[in-house]
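Laboratory data are not the source of any read-out in this text; all were calculated from the coordinates shown. What you are looking at is a predicted structure, and each value in this text was computed from that prediction instead of being measured. Cβ sites come from the backbone with ideal geometry, for glycine too, and all protein chains shown count toward neighbours.
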């Protein structure tokens, strides 16, 4: 119920639809009972055609006599209209039954009509919040999660919430009220029979509850396994070249088969238990009806305390309880299934973002003086990646970070962009700690070009603009600076060419120049280049390097590089080893020292 309360908060913006649903459900429940009660005058006309008509208008006496008053009043009206014509009386009663059932179904439709807007609105809002939370959470969160599992939570788990929790909203008023109205009518017909019914109903409820106890666990297993095989699909599609190159099709195929086999087993157990609910509740209901037929038959035939038409109406009312009772038992199973899905959805929604903006975070506009790393210590898990790291980067200077893999170069890029927060120490821009700035204003000062050019399934123009409201001329100017305009104009649709999934219709060098054009258009004062040319061939590297040099003019740049030929003109080269600075200076100064940098240059045959 705790999960249900948290999910139901999403229904508050749509409460007007909820109120309309409740209103029409009340009418439905009322007419559901009345549709059976109006059978009594019909049965009386059929079975006791010689009964004396009521010619005098009946008088209401008390609540205990309300049913008798209703029957007499109905007979009085029929007599007033039809007189002694039994055929006409029969037509009136049949018309009354049809009208009552018609109104019952109209109210049911209207109730369902309005709840649809609430259900789908909640579904939309939960999905939007999940997606918003997903892109707000720090990158560290997703290093521990499978992408496919996140996709399963946004897709199938949210749907499960709609099918389970939100389906309960349809019956939370309708079914209980139908039962209450029906039982009230049953009590008016025969208190003795109704007490007899209540002896057997708790036994039925107990049997049904036994079936549903393991449903949450089985549902949880199904949803987890679904998340796992969706992850496998995502990994397969993104790593298809490697799978094929290493003949790994069989390995991945076996993994997927094992996962779907487990999913099949869990689903079978879950569905078999769920499917058991309906026949069990129906059988138990019919068993109660059978006992009622025997006991009620005794009251009609032996004791003569109940007349025939009242007894048949009573049986119809008792059977009318079965449908809402079955719906409620099914809802209890749905609630257990929904709990598992809600737990997985709420786990993301309630995850605390460790990189939230401070309450009084400042908005940084422009960059004036310097960036400082002050005594930085940082670890992803157990071992420190950076140890007592300090560095000052003056405005307008180009600082290159070099060193072996694992020396902490890319970590510095992750820290200045606040993809991660430092474990100890402080990073400042113009003397203000970046923790005290809003993430949005901090990242507005930064541009980034990474080793893997991350592009989107869209046109070249939209990839360069990336959500900014800019003119076509601005896009073309950015592309020219990035040495991309020439190849773009040669494409069939030019800037309107769709580049496919992850830009796979373009070469590596072309993709990288598009990502540089995107950074140029952003026009940030600080540029971070994280091994921007390391994945390119020599010809592409030259074109990209020229583009990068154009882009870096009059900017503060942090360049992370493996290829040392690309950073010889940097104002300062910082040589890192195991998270510490071992050397720093210009290219020539470091060559003269003949230290770590000299060895790296010699290894790359640049000496």
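Straightening the chain between residue 554 and residue 2 buys 193.1 nm, computed as 0.36 nm per residue apart minus the Cα-Cα spacing.
In this simple spin-label model, placing a label point 7 Å from the Cα along the Cα-to-Cβ direction at both residue 316 and residue 507 gives a separation of 8.3 nm.
Available extension along the chain between residue 438 and residue 16 is 148.2 nm, counting 0.36 nm per residue and deducting the alpha carbon span. Counting only DSSP beta bridges with both residues in segment 438-568, the antiparallel share comes to about 10 percent.
Most simply put, segment 370-603 has about 50% antiparallel DSSP beta bridges, counting only bridges with both residues inside it. Looking at the square roots a ≥ b ≥ c of the eigenvalues of the Cα gyration tensor of segment 340-473, which shape do they give, rounded for a/c under 1.5, prolate if a/b is larger than b/c, or oblate? Taking the square roots of the gyration eigenvalues as a ≥ b ≥ c, segment 340-473 is rounded. On the beta carbon distance between residue 602 and residue 139, with R0 = 51 Å, the FRET formula returns roughly 0.90.
Classification of segment 98-147 by its C-alpha gyration tensor yields a prolate form. The axis ratio a/c (a ≥ b ≥ c) is 1.5 or more, and a/b outweighs b/c. Reducing segment 379-422 and segment 455-484 to their Cα centroids gives an inter-centroid distance of 30 Å. Computed on segment 370-603, with alpha-carbon pairs under 8 angstrom and 6+ residues apart, the relative contact order is 27 percent.
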